[in-house]
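A quick write-up on the structure given underneath.
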Amino acid sequence: MKQPIIEIEHLKKYFPVKEGKLHALDDISLSIFEGQTLGVVGESGCGKSTLGRTLLRLVEPTDGIIRYDGRDITKLNRKELADVRRDMQIIFQDPYASLNPRMTVKELIAEPLIVNKIISNKKELMKEVDRLMALVGLSQRLSMAYPHELDGGRRQRIGIARAIAMKPRFIVCDEPVSALDVSIQAQILNLLMDLQAELSLTYLFITHDLSVVRHISTNIAVMYLGQCVEMAPSKVLFKNPVHPYTKALLSAIPIPSSSMRHKAIETVKGEVVSPINPLPGCRFAQRCPGCGEQCAHYESELIEVEPKHFVACPSAVKAYMAQK
Amino acid sequence: MKLKLLRDNHPLREIWRRFKKNHSAMIGLYLLLIILFVAIFADLIVPYEKAIKQVGTDRLLSPSMAHPFGTDHLGRDFAARVVHGSRYSLLIGISTSVISLIIGGLLGAFCGYYGGRFDNLVMRLMDVIMSIPPVLLSLAVVAALGANLRNLLIAITISCIPSTVRLVRSVVISIADQDYIEAAQSYNTSDFRIILKYILPNAMGPIIVNTTMSIAVMILSAAGLSFIGMGVQPPSPEWGSLLSEARQYMFKAPYLLYFPGVAILMSALSFNLVGDGLRDALDPKLKN
């Protein structure tokens, strides 16, 4: 069995807002194994991006432990954190907003190498930038271009080149393709997968696009309102979803078949409840088709229904076990 | 610190190329160069004695070959006074603007980037300064320190700093929120480098325009203070004090108002045109 590169235990992040506390992450525990991709799915505002940012401590966690290679990074000081960040990078959702508009492609990619004093020789720096550009499929003639002159796919390639410049082991991909055209999405996904194989990277892949996550992930974690409701290997999750929210989510995937044309898609009723000062009990209870009395009284603990398959809903687990 | 990656295509060269394409900015630049030339070489153009020598028989002469701008009510050569006045006016305008840009810009950048208690303290202090009318504030400073050129500079600078702090702070806050700042933090960029290489270049546009505009405003407010005798002391020529002296002879010798007036207008205009051009040239998004 491979070693977990990242382990999160009871991670919490509450943002103080006027009305109280916004529970962006509420008691999340998961592990990411070396060389694998953990896909994180969930609807907008469920805390996916906060999770990614908290892992790199771009957002300070309220409580909990984040272990990188067995070492808790939540208590590190600035200097120690800088060392860890060399190994952990992030690719942002909006490739335009995440690139300094006053820098050229070359400067953008060279920046992490300069800041971290990895290469001080200018000739070597230039060579390394050329190598990185070639690696992510950016043509040499673009090296003097500014980000606004490039299309979304090329901009995202810059973001990727910048993230891998310091030879990290772990990369948080925060919806790296959701701002792109479908045709370019595929290119970028393939690039990410090629790089993963080539550089033996580990990804945390955040997305709301289920077909994307299925394509790229080894394991998948489904999030709802700051909590992880189900976690399983990619194939298992798509085959045997147990949690009612996961089921609803998967039923929303469009199926390209003429027989499906006249069937109405089952959607989840109602709206996401506010993440500010949530009630105790199951967060999904108000919208859950199988909601009963018991749902208001338990805190979502993950239960292992089969090896590596964790579900946070006791009644669904009971039903699943009975079926088996 | 400049990357040698840029040798063949240095950013400054690129900025100059874009600046050159802007006709009004180039007109402003030529105008500014002429005014700067006059100010720097004033002594070679016409000796300073001519500007303060009073000739009783030559009072209020109309423009002629001997006195191209005529003479004032004390028989001083007005052309010499306007030429030497450029030194005072430009010195006041540029130095006060630059000093308030440096102090106000740094304060504003730190307030906007760090926020918190320091920000609150500085901003409340600025509010206090802003609640006093600028003329009154300058008057109070000059009255307390004494009327001379140095104190005039201090007075005008103090009344200019709050607006610079506010402007820079608001621009910095909007930029500090951008993803690329977070990205920079994710690869360990120091705060100092973030402010210097990420925030300030992106905040340049409004700051440059504000500074060049404020040069014009500073020249005018110095003129105003000189006008009421709180600024540059006679017999030193300064465009504002020239105007105020000439005011009494508005109908007898209107040309005494034209020349310093046009000089103020031209310098203010040239700074504004150059400022606009620089803002556009510095923004790579407006390329070509």
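Which order do B:Arg117, A:Arg102, A:Arg157 fall in if you start with the one that has the fewest other Cβ atoms within 10 Å?
Values: B:Arg117 8, A:Arg102 21, A:Arg157 26.
Result, fewest neighbours first: B:Arg117, A:Arg102, A:Arg157.
Among B:Ile156, B:Ile102, B:Ile92, which one shows the biggest mean-square fluctuation in a GNM of chain B, springs joining Cα atoms closer than 10 Å?
Maximum among the listed residues: B:Ile102.
Under a GNM of chain A (C-alpha, springs under 10 Å), which listed residue has the highest mean-square fluctuation: A:Lys12, A:Lys79, A:Lys48?
In the Gaussian network model the winner is A:Lys79.
Run the numbers for A:Val17 and A:Ser211: contour at 0.36 nm per residue of separation, minus the present Cα-Cα distance, in nm.
Taking A:Val17 through A:Ser211 to full extension adds about 66.4 nm, to one decimal.
Using Cα pairs under 8 angstrom and six or more residues apart, how large is the relative contact order of chain A, in percent? List each step's numbers first, then the result.
On the way: 567 pairs, mean separation 67.8, N = 324.
The normalised contact order for chain A reaches 21 percent.
Rounded to the nearest 5, what is the percent of antiparallel bridges among the DSSP beta bridges in the protein assembly as shown?
Values: 30 of 47 bridges.
DSSP beta bridges in the protein assembly as shown are roughly 65 percent antiparallel.
At a threshold of 8 angstrom on Cα-Cα distance, excluding pairs fewer than six apart, so keeping six or more, what relative contact order does segment B:35-286 reach in percent? Please report the intermediate quantities before stating the final value.
Values: 356 pairs, mean separation 58.1, N = 252.
Relative contact order here is 23 percent.
Please go through the residue pairs A:Lys79/A:Lys123; A:Lys79/A:Lys127; A:Lys79/B:Lys285; A:Lys235/A:Lys324 and name each one whose alpha carbons sit more than 25 Å apart in this structure. Intermediate results must be reported in sequence, preceding the final value.
Numbers: A:Lys79/A:Lys123 28 Å; A:Lys79/A:Lys127 28 Å; A:Lys79/B:Lys285 36 Å; A:Lys235/A:Lys324 18 Å.
Beyond 25 Å: A:Lys79/A:Lys123; A:Lys79/A:Lys127; A:Lys79/B:Lys285.
Using the Kyte-Doolittle scale, find the helices of chain B whose mean hydropathy is at least 0.5 and whose Cα atoms extend 30 Å or more along the helix's long axis, counting only whole DSSP H runs. Could you put the intermediate results ahead of the total?
Numbers: long enough: B:78-114 (52 Å, 1.20); B:149-176 (39 Å, 1.50); B:200-227 (39 Å, 1.38); B:255-282 (40 Å, 1.09).
Answer set is B:78-114, B:149-176, B:200-227, B:255-282.
Could you give the Stokes-Einstein D for the protein assembly as shown in µm² per second, using the C-alpha Kirkwood radius, 10 °C, 1.306 mPa s? List each step's numbers first, then the result.
Numbers: Rh = 29.0 Å.
Value of D from the Cα-based Kirkwood radius: 55 µm²/s.
Segment B:212-288: which trypsin sites (Lys or Arg not before Pro) are DSSP loop and have at most 16 other beta-carbon atoms within 10 angstrom? Could the numbers behind the result be given before it?
Values: sites: B:Arg247, B:Lys252, B:Arg279, B:Lys285, B:Lys287; in loops: B:Lys252, B:Lys287.
Within segment B:212-288, the qualifying trypsin sites (Lys or Arg not before Pro) (loop, at most 16 other Cβ atoms within 10 Å) are B:Lys252, B:Lys287.
Could you tell me the largest-minus-smallest coordinate of the C-alpha atoms of segment B:35-286 on each of the three principal axes, in descending order and whole angstroms?
Largest to smallest, the principal-axis extents are 76, 41, 28 Å.
Based on the Cβ-Cβ distance from B:Val135 to A:Lys75, what FRET efficiency comes out when R0 is 60 Å, to the nearest 0.05?
Numbers: r = 56 Å, r/R0 = 0.93.
It comes out at approximately 0.60.
In peptide B:174-186, what is the residue-averaged number of other protein chain Cβ atoms found within 10 Å of each Cβ? Don't skip to the answer; put the middle values down first.
Values: counts 0, 1, 0, 1, 6, 11, 13, 3, 8, 15, 5, 5, 15.
Mean partner shielding for this stretch: 6.
With the Cα gyration tensor of segment A:11-82 in hand, convert its eigenvalues to equivalent ellipsoid semi-axes via √(5λ) and list them largest first in whole Å.
Sorted largest first and rounded, they come to 21, 17, 10 Å.
If we count other beta carbons within 10 Å of each Cβ, what is the order of B:Leu107, B:Leu153, fewest first? Don't skip to the end; give the middle numbers.
Details: B:Leu107 22, B:Leu153 18.
Ordered from fewest to most neighbouring Cβ atoms within 10 Å, B:Leu107, B:Leu153 come out as B:Leu153, B:Leu107.
Roughly how tilted is helix A:152-164, in degrees to the nearest 10 and between 0 and 90, from the longest Cα axis of chain A?
Long axis of A:152-164 versus the principal axis of chain A: about 80 degrees.
Positive end of the charge dipole of chain A (Lys, Arg +1 and Asp, Glu -1 on Cβ, about the Cα centre): tell me which of A:Pro176, A:Gly159, A:Ser258 has its Cα farthest that way.
My answer, from the dipole projection, is A:Gly159.
How large is the dipole of the protein assembly as shown about the Cα centre if only Lys and Arg carry +1 and Asp and Glu carry -1, each at its Cβ, rounded to the nearest 20 debye?
Details: 67 positive and 54 negative charges, 241 e Å.
Once rounded to the nearest 20, the dipole reads 1160 debye.
Filter the GluC sites (Glu not before Pro) in segment A:1-59 down to the DSSP loop ones having no more than 12 other Cβ atoms within 10 Å, then list what survives.
Values: sites: A:Glu7, A:Glu9, A:Glu19, A:Glu34, A:Glu43; in loops: A:Glu19, A:Glu34, A:Glu43.
Those satisfying the criteria are A:Glu19.
Could you derive backbone 3J(HN,Hα) for segment A:172-187 from the dihedral phi with the Karplus parameters 6.51, -1.76 and 1.60 (θ = phi - 60°), listing whole Hz in sequence and x where the residue is Gly or Pro?
Running phi through 6.51 cos²θ - 1.76 cosθ + 1.60 with θ = phi - 60° gives 8, 9, 8, 6, x, 10, 6, 8, 10, 4, 4, 5, 7, 3, 4, 4 Hz.
Based solely on its DSSP helices, what 222 nm [θ] is calculated for the protein assembly as shown when runs of n ≥ 4 H residues each add -39,500 (n - 2.57) and the sum is averaged over all residues, nearest 500 deg cm²/dmol?
-16000 deg cm²/dmol
Identify the GluC sites (Glu not before Pro) of segment A:173-269 meeting these criteria: DSSP loop state and at most 15 other C-beta atoms within 10 Å of the C-beta. If you can, show how the numbers build up before the last one.
On the way: sites: A:Glu198, A:Glu230, A:Glu266; in loops: A:Glu266.
When the GluC sites (Glu not before Pro) of segment A:173-269 are filtered for loop state and at most 15 Cβ neighbours within 10 Å, A:Glu266 remain.
Go ahead and set up a Gaussian network model of chain B, Cα springs under 10 Å, then flag whichever of B:Met65, B:Met266, B:Met250 fluctuates most.
The residue that fluctuates most here is B:Met65.
May I ask you to sort B:Phe192, B:Phe259 by Cβ crowding, counting other Cβ atoms within 10 Å and putting the fewest first? It would help to have the intermediate numbers written out before the result.
Working: B:Phe192 8, B:Phe259 23.
Lowest count first: B:Phe192, B:Phe259.
At a Cα cut-off below 16 Å, give the aspartates and glutamates reachable from A:Lys75, other chains included and same-chain residues fewer than 8 away excluded.
A:Glu7, A:Glu9, A:Glu60, A:Asp63, A:Asp83
Within 10 Å of each Cβ in peptide A:89-102, how many partner chain Cβ atoms are there on average? Round it to a whole number, please.
On the way: counts 3, 5, 2, 5, 1, 3, 1, 2, 7, 8, 4, 13, 8, 12.
So the per-residue partner count for this stretch is 5.
Across the residues of A:141-147, average count of Cβ atoms on other protein chains within 10 Å? Kindly include the intermediate steps, with their values, before the conclusion.
On the way: counts 0, 0, 2, 6, 2, 3, 3.
Other-chain Cβ atoms within 10 Å of each residue's Cβ, averaged: 2.
Values quoted throughout were computed directly from the atomic coordinates according to the rules given, and no laboratory measurement underlies them. Predicted model, so just to flag it, every value in this text is computed and none were measured. Glycine gets a Cβ as well: all are built from the backbone with ideal geometry, and neighbour counts include every protein chain shown.
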